[in-house]
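Here the structure comes first, spelled out in structure tokens, and everything after it is commentary.
The values are calculated or read from the model by the stated rules, or taken from the named source; none is laboratory data. All of these numbers come straight from a predicted model, not from anything done at the bench. No Cβ is skipped: glycine too gets one built from the backbone with ideal geometry, and neighbour counts run over all protein chains shown.
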Amino acid sequence: MLWSARQSATITVFAMLFGLGMISILGYQVSSSYQAEVAQARTRSDNLSQILEAQMRSALREVDLVLRDLEDRLSPEEIASGDLGEARNKAVQSLLLDKLTLVRQADNILLIGPDGTMSHRALDVGKPAQSFDRAYLEQVRDDPYRERLYARMQGQQEGILLARRYETPNGVFGGLVIASVSASYFNQVLENLSLGRHGFVMLVDEHGSVITRRTADKRDPPFKPDPVILEELKSGAAPAGTTVSRQSDGATRLVSYRQIAGSPFFIIVGASSLDYLATWRSTTLYYLTGGSLLLVMALMMIYFFWRSHRLARNLQQKESRLNVSESRFRQMIETIPVALVLARLPECFITYINQQASRTFDIPQAGALSLRAADFYLNSEDFREQLQAVGQAQGIRNIEVRMRRWNGESFWASLSMSSVTVGEEITLMIGISDITERKRLEGELKRRATTDGLSGLTNRAHFMELANQELARAGRYKRQLALLMIDIDHFKRINDTYGHDVGDMAIKAVAKVLSSALRDVDVVARMGGEEFTALLPETSPDLAQAAAERVRAQIEAHRIVLGDGTVVQFTGSIGIAALRPEDQLIDDLLKRADVALYYAKQHGRNQATVYDNIPADPQG
Ligand SMILES: Nc1nc2c(ncn2[C@@H]2O[C@H](COP(=O)(O)OP(=O)(O)OP(=O)(O)O)[C@@H](O)[C@H]2O)c(=O)[nH]1
């Protein structure tokens, strides 16, 4: 199918729009899935920080409740002094131990007196805190509204100290009840979190110092919390959970900050784009690969479409040029003055004849298609011979042959024949020129060249030619041959008496007599003037004499009746010569016949004389 330029352009535009549409859809898909992944990661970080915050908040609250319970159970002396006697000291420690077992997140419980000295502790492990940070203690002592206090654990162990301000029944600062929650507890909490390969989670204090942290990849550089965000969270300027994104090392980090309610500690959860975009990246890669393939296919389709379109267009142009040249060629073939017949070999069925052939053979062009080439020949054997000749040579040229028109009339044709092979098919090409007229003219010329114009008989030159052939044949086959030489008697007198025209009539009359009185095989000629010859093949001198006598008698019997009723009659003399073995040329015979004629004239005319019968002495 061949598209017009407009259709091609439309198809190309559609294909390009399709490609652009695909790119847009792909782009949109990639971008929206990116947004979704980021939003999901943000939610995940936020949720995780929220869960951790709730978990840690409740853990600290449990500890606080235990401490509050202890406050109720302990007396001011028991907090203030560790020197209560062995039994009481043991009872206090036992109480502390009991409470410690209730909160597995706490690893020890201590009592600090108002002077900052540790009075009791549940477990005698680690370095005993002899005295508490004095500045901190004084701060607590002087702030009766701060009943719950937090501090980072000092020393080697990382963790949190959760303290409660103890007041004596009369409202005086009585010391602190403290529980320590070591980082190992938080580590346990954070242990089973799924953070991804580059994620982290950390517990920091209000200054951003890390209490504990967990990263999937230990080689990752430690994350430094943003103090501004911590400050904003503390002051309430930022929402309880704040998630920010930061660029680092070619990746984006989504960091979710959340303060543990009621405490100066913060949970920070970080997710890396290397993790949360991993699936998106691989999916996008698939999309892009698939999309690129589709795009390449679309481009290839456009390319192949254009290519085939161009090829088809070229083909069409070539075809139309071919059609033009074919129609020109066909027109030429149709109008050339040579009859052209095409026939398919080997059956020789006619496949085409041109207009000239139609005229030559007198048959409609379509009508010829049911015929074979041989049907145009007068003798189909001629066709077979020519076909054979074409098979042996390249072709045959200007062969003269008798052909046949459709109405049965025969004619002479000059014919050329050759064969061409197109694909599997072998076609016979026959060019025919009707040469009937040429043949007629040739015949006429030949006749004029060999015939005497007045008498219609063979002229002298042609007679000499034919006579010599007969002579040679007779000599070869040892056959007899006789020659008559006929002359009108006193012809001059006829001319002179009646005129030249009557003389001509006499010449014609003698020619007629000779033609009728002699055989067809006899060669009769007018040698000039009123002199005639007749060559009689296979004729003995006696038979020749009889024929001469017949001629003489018919000439004598002939009458020319003139317009005025005048009857003209005349006679003729004939000399006869028979072939002799020594004769080489017809002139030898002519000479002897001439002698015999002369003898006949001399001896009274109107008679036939055989040369061999002339007496040795002519006078006698
Ligand atoms: N009408 C006519 N006369 C011709 C033609 N050719 C030659 N002649 C004449 O024929 C005559 C021949 O005469 P001659 O050769 O003297 O012989 P003749 O009169 O026949 O006498 P014999 O032969 O002795 O009987 C001449 O007068 C020629 O002019 C011709 O074609 N037509």
Restricting to segment 510-536, name every residue that is surrounded by fewer than 18 Cβ atoms within 10 Å (Cβ to Cβ) and under 18 Å from residue 479 (Cβ atoms).
519, 520, 521
Give the number of residues within segment 498-538 that are away from the ligand (no atom under 16 Å from the Cβ) and acidic (Asp, Glu).
3
Tally up the residues in segment 463-495 that are more than 21 Å from residue 610 (Cβ to Cβ), away from the ligand (no atom under 16 Å from the Cβ) and out of contact with any strand residue (DSSP E or B) (no Cβ under 6 Å at 6 or more places or on another chain), please.
8
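Is it true that some residue in segment 539-557 is among the small types (Gly, Ala, Ser), near the ligand (Cβ under 8 Å from one of its atoms) and assigned to a helix (DSSP H, G or I)? Reasoning before the result, please.
Going residue by residue through segment 539-557, those that are among the small types (Gly, Ala, Ser) are 540, 544, 546-548, 553, 557.
Add one more test, that the residue is near the ligand (Cβ under 8 Å from one of its atoms), and what stays is none.
No, segment 539-557 contains no residue that is among the small types (Gly, Ala, Ser), near the ligand (Cβ under 8 Å from one of its atoms) and assigned to a helix (DSSP H, G or I).
Among the residues of segment 478-530, what is the count of those that are charged (D, E, K, R), in a strand (DSSP E or B) and within 16 Å of residue 571 (Cβ to Cβ)?
Filtering segment 478-530 down to residues charged (D, E, K, R) leaves 478-479, 487, 489, 492-493, 496, 501, 504, 508, 512, 519-520, 522, 526, 530.
Adding the requirement that they be in a strand (DSSP E or B) leaves 487, 526.
The next check asks that each one be within 16 Å of residue 571 (Cβ to Cβ); those that pass are 487.
Counting residues in segment 478-530 that are charged (D, E, K, R), in a strand (DSSP E or B) and within 16 Å of residue 571 (Cβ to Cβ) gives 1.
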Pair list, Cβ < 8 Å and 6+ apart or interchain, from segment 385-399 residues that are assigned by TED's automatic domain parsing to the domain that holds residue 432 to residues that are part of a helix (DSSP H, G or I) and at pLDDT 85 or above:
396/386; 396/389; 396/390; 399/386
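Could you please give the count of residues in segment 432-457 that are more than 60 Å from the chain's Cα centre (by Cα) and away from the ligand (no atom under 16 Å from the Cβ)? Working first, answer last.
Residues of segment 432-457 that are more than 60 Å from the chain's Cα centre (by Cα), as a first pass: 440-457.
Okay, now just the ones that are also away from the ligand (no atom under 16 Å from the Cβ), so 440-450.
Of the residues in that region, 11 qualify.
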May I ask you to verify whether residue 354 is surrounded by fewer than 18 Cβ atoms within 10 Å (Cβ to Cβ), of a type outside the set (Gly, Ala, Ser) and modelled with pLDDT of 90 or more?
no
Give the residue that is farthest from residue 272 (Cα to Cα), with candidates limited to residues of segment 225-258 that are touching a Gly at 6+ places or on another chain (Cβ under 8 Å) and of a type in the set (Lys, Arg).
258
Which condition breaks for residue 59 when tested against (1) farther than 30 Å from residue 285 by Cβ; (2) under 41 Å from the mean Cα position of the chain (by Cα)?
(2)
For segment 452-474, indicate whether the set of residues that are surrounded by 13 or more Cβ atoms within 10 Å (Cβ to Cβ) and at positive phi is non-empty.
yes
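Identify all residues within segment 566-580 that are part of a strand (DSSP E or B), in contact (Cβ under 8 Å) with a residue 24 or more places away in the chain and hydrophobic (A, V, I, L, M, F, W, C); write none if there are none. If you could, list the steps in order and put the result at the bottom.
Pass one, segment 566-580, residues part of a strand (DSSP E or B): 567-568, 572-578.
From what's left, in contact (Cβ under 8 Å) with a residue 24 or more places away in the chain: 568, 572-578.
Result: 568, 574, 576, 577, 578.
May I ask you to list the residues in segment 210-235 that are loosely packed, with under 13 Cβ neighbours inside 10 Å and at pLDDT below 85? Give the derivation first.
Taking segment 210-235 as the starting set, the residues that turn out to be loosely packed, with under 13 Cβ neighbours inside 10 Å are 218-219, 221-222, 224, 227-228, 235.
Hits for segment 210-235 are 218, 219, 221, 222.
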Report whether or not residue 302 is surrounded by 14 or more Cβ atoms within 10 Å (Cβ to Cβ), in a loop (DSSP other than H, G, I, E, B) and touching a helix residue (DSSP H, G or I) at 6+ places or on another chain (Cβ under 9 Å).
no
So which residues in segment 228-246 are closer than 15 Å to residue 42 by Cα and in contact with a strand residue (DSSP E or B) (Cβ under 9 Å, 6 or more places away or on another chain)?
240, 241, 242, 243, 244, 245, 246
Unmet criterion (only one of (1) under 30 Å from residue 279 (Cβ atoms); (2) surrounded by 14 or more Cβ atoms within 10 Å (Cβ to Cβ)) for residue 11:
(1)
Which of the following residues is modelled with pLDDT of 90 or more, in a strand (DSSP E or B) and in the same structural domain as residue 352 (by TED's automatic domain parsing): 426, 430?
430
Going through (1) part of a loop (DSSP other than H, G, I, E, B); (2) modelled with pLDDT under 90; (3) among the small types (Gly, Ala, Ser) one by one, residue 408 fails only at (2)
So which residues in segment 183-204 are in a loop (DSSP other than H, G, I, E, B) and buried (at least 22 other Cβ atoms within 10 Å of the Cβ)?
199
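Please give the helices (runs of 4 or more DSSP H) falling wholly within segment 1-120 in which 1 or more residues are of a type in the set (Gly, Ala, Ser) and touching a residue at least 40 places away in the same chain (Cβ under 8 Å). Quick ask: steps written out before the conclusion?
Working: elements: 5-73, 76-80, 86-102.
Once the helices (runs of 4 or more DSSP H) in segment 1-120 are filtered for at least 1 residues that are of a type in the set (Gly, Ala, Ser) and touching a residue at least 40 places away in the same chain (Cβ under 8 Å), what remains is 5-73, 76-80.
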